[in-house]
Each structure stands twice: as structure tokens, then as C-alpha cells.
Amino acid sequence: MSYTRTSAGVVVVTVVAAVIAGCSGSSSGTRSGSGSAVSSTSPAQPSPAPTESNPPGDIPDNQVYVTYRPTSGFTGFTVKVPEGWARTDKGATTVFTDKLNSVRITTAAASAAPTFASVTNTVVPQLRTQVPNFASPKVTQVTRHAGQVVLLTYQGDSAKDPVTGKVVRDAFERYAFYRQGHEVDLTLSGPVNADNVDPWRTVSDSFAWR
């Protein structure tokens, strides 16, 4: 009788040990085969910074401006222009361009200051013959740091891109500054859907006589 109880005990112990070993092996296999279990112990990786995407023609908020001082022709003024833009000079006109935007500066002798009537009756008809699909002219008087100035806003088509052949619909702001027989016309342009209110205000407000 003693022998029988001992054998039964051995059998029970053996079965329990086998079950424990089997469970242990199954648990170990689950951990080693699970990719999520391994990655949960790894340090979190920082997410990449989002890429900023501006609509076509939008001037970046971090654009730097530099002071332009003409060295020929009429030199009695300064104005800030975006740094790094390409510059071209032709007679009394200097143009700074970058992609779809431009800053055009033209000087001329004038016997009188520009007025609402003179811009409406003289400048607008001239632009109709010069700007493709000229439209929506509006003449107002605004205040800038240099004083009162006549502003003409309008729309027109850009020149055809020599590579793509694409034409962009542009919005224009033309500021006519005047002092002591000298007129300086500052024309800012870019795509009609671009939000360049702040950059154009920075440029037009920077104009100063010297």
C-alpha cells in the first residue's frame, strides 16, 4: 500500500512539472515572436518636423529684407527689398524678382504730384496697352511712412513662362511717391491668390526720401 501511494505521488508531480514547463515554453515563445513586445521596450523616436508648404507666390514669413540705395539716376530715396531676389536694371527702372513675385522701381521727373485724376486719366490708359488682360483698376490715397501716396491696384496676366508656357494671373499694387519734382513709382506684383499683404506693406512702408 505504501508503494502505491508513492508511485501516484511521483506521477502527479511529473504531470504538474510537465504542464508548468509547457506553459513556460509557450509564454517565452510568444514574447520572442512578437514584434510589438520588442518595440515596446525601445525608446520612442521623435516625429520628423512637418514640411512647410506655401501656396504659389506666397513670400515666406521669415523673408529677410535689405535696403536698396540707387547709385545712378535719381538717388534721393531708399526702399527695402527682399534679400536674395534677382535684380535687373534698365534705364530708370530697377526690378527685383523671385519666382512669381516682383518689385519694380521707376523714377521720373514730374512737375506736379500725382493725383487721383492724373492716375485715373493718364496712368490707367497707359497700362491698358502695356499689361495683358488689364482689369479691375482702383485708385485710392493711402498713408505710408513717407506720407500720403496715390495707390493704384489692378490685375493682369504675367509674361508667358519660357519653359512651361504657363501664364499667371497677377495682382498689382502701384504706389506713386512724389517730392520736389521727382516721382518714384513702386509696383509690387504676385499671383492673385497669394497672401502677400504683410510683405508688400513692409516694402511700401520702408520707402524713405533722403
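The values are calculated or read from the model by the stated rules, or taken from the named source; none is laboratory data. Given the structure is predicted, the values throughout are model-derived calculations rather than measurements. So basically every Cβ, Gly included, is an ideal-geometry build from the backbone, and we count neighbours across all protein chains shown. With ligands, DNA and RNA removed, areas are computed over all heavy atoms of the protein, side chains included. Shrake-Rupley method; radii C 1.70, N 1.55, O 1.52, S 1.80 Å.
Quick grid of which residues meet (1) of a type in the set (Ser, Thr, Tyr); (2) touching a residue at least 24 places away in the same chain (Cβ under 8 Å):
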{"position": "PRO56", "(1), (2)": "no, yes"}
{"position": "VAL64", "(1), (2)": "no, no"}
{"position": "THR67", "(1), (2)": "yes, yes"}
{"position": "SER72", "(1), (2)": "yes, no"}
{"position": "GLY76", "(1), (2)": "no, yes"}
{"position": "VAL79", "(1), (2)": "no, yes"}
{"position": "GLY84", "(1), (2)": "no, no"}
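Take segment 123-134 and flag every residue that is open to solvent by 30 Å² or more (accessible area, probe 1.4 Å) and under 28 Å from the mean Cα position of the chain (by Cα). Matches in segment 123-134: PRO132, ASN133. Hey, any hits in segment 152-165 for a residue that's in contact with a Gly (Cβ under 8 Å, 6 or more places away or on another chain), open to solvent by 40 Å² or more (accessible area, probe 1.4 Å) and free of Cβ contacts under 8 Å to residues at least 40 places away in the same chain? The answer is no; no qualifying residue exists.
Within segment 58-69, the set of residues being under 23 Å from VAL168 (Cα atoms) and crowded, with 17+ Cβ neighbours inside 10 Å comprises ASP58, ILE59.
Tell me the residue from LEU151, LEU127 that is at pLDDT 95 or above, farther than 21 Å from ASP58 by Cα and touching a Ser or Thr at 6+ places or on another chain (Cβ under 7 Å), please.
Numbers: LEU127 fails: touching a Ser or Thr at 6+ places or on another chain (Cβ under 7 Å).
So the residue among LEU151, LEU127 that is at pLDDT 95 or above, farther than 21 Å from ASP58 by Cα and touching a Ser or Thr at 6+ places or on another chain (Cβ under 7 Å) is LEU151.
Tell me, please, whether a residue that is at pLDDT 95 or above, over 20 Å from the mean Cα position of the chain (by Cα) and not hydrophobic (A, V, I, L, M, F, W, C) can be found in segment 160-174. Yes, segment 160-174 contains at least one residue that is at pLDDT 95 or above, over 20 Å from the mean Cα position of the chain (by Cα) and not hydrophobic (A, V, I, L, M, F, W, C). Filtered by the rule that a residue be at pLDDT 95 or above, of a type outside the set (A, V, I, L, M, F, W, C) and either open to solvent by 20 Å² or more (accessible area, probe 1.4 Å) or out of contact with any strand residue (DSSP E or B) (no Cβ under 7 Å at 6 or more places or on another chain) (or both), segment 189-198 gives a lone residue, ASP198.
For the subset of segment 102-115 comprising residues that are touching a Ser or Thr at 6+ places or on another chain (Cβ under 6 Å) and either open to solvent by less than 30 Å² (accessible area, probe 1.4 Å) or at pLDDT below 95 (or both), which member is farthest from PHE207 (Cα to Cα)? Going through the qualifying residues, I end up with SER102.
State whether the residues of segment 130-139 include one that is at pLDDT 95 or above and out of contact with any strand residue (DSSP E or B) (no Cβ under 8 Å at 6 or more places or on another chain). Yes, segment 130-139 has at least one match. For segment 86-101, the condition holds for at least one residue, the condition being that it is open to solvent by 60 Å² or more (accessible area, probe 1.4 Å) and over 29 Å from the mean Cα position of the chain (by Cα). Between SER118, SER72, the distinction of being out of contact with any helix residue (DSSP H, G or I) (no Cβ under 6 Å at 6 or more places or on another chain), over 20 Å from PHE172 (Cβ atoms) and open to solvent by 30 Å² or more (accessible area, probe 1.4 Å) belongs to SER72 only. I want to confirm something. Restricting to segment 66-85 and keeping residues that are in a loop (DSSP other than H, G, I, E, B) and within 17 Å of the chain's Cα centre (by Cα), which single residue is farthest from HIS182 (Cα to Cα)? Among residues in segment 66-85 that are in a loop (DSSP other than H, G, I, E, B) and within 17 Å of the chain's Cα centre (by Cα), the one farthest from HIS182 (Cα to Cα) is GLY84. Just one of the numbered conditions (1) in contact with an Asp or Glu (Cβ under 6 Å, 6 or more places away or on another chain); (2) over 25 Å from ARG169 (Cβ atoms); (3) open to solvent by 50 Å² or more (accessible area, probe 1.4 Å) is not true of ARG144: (3).
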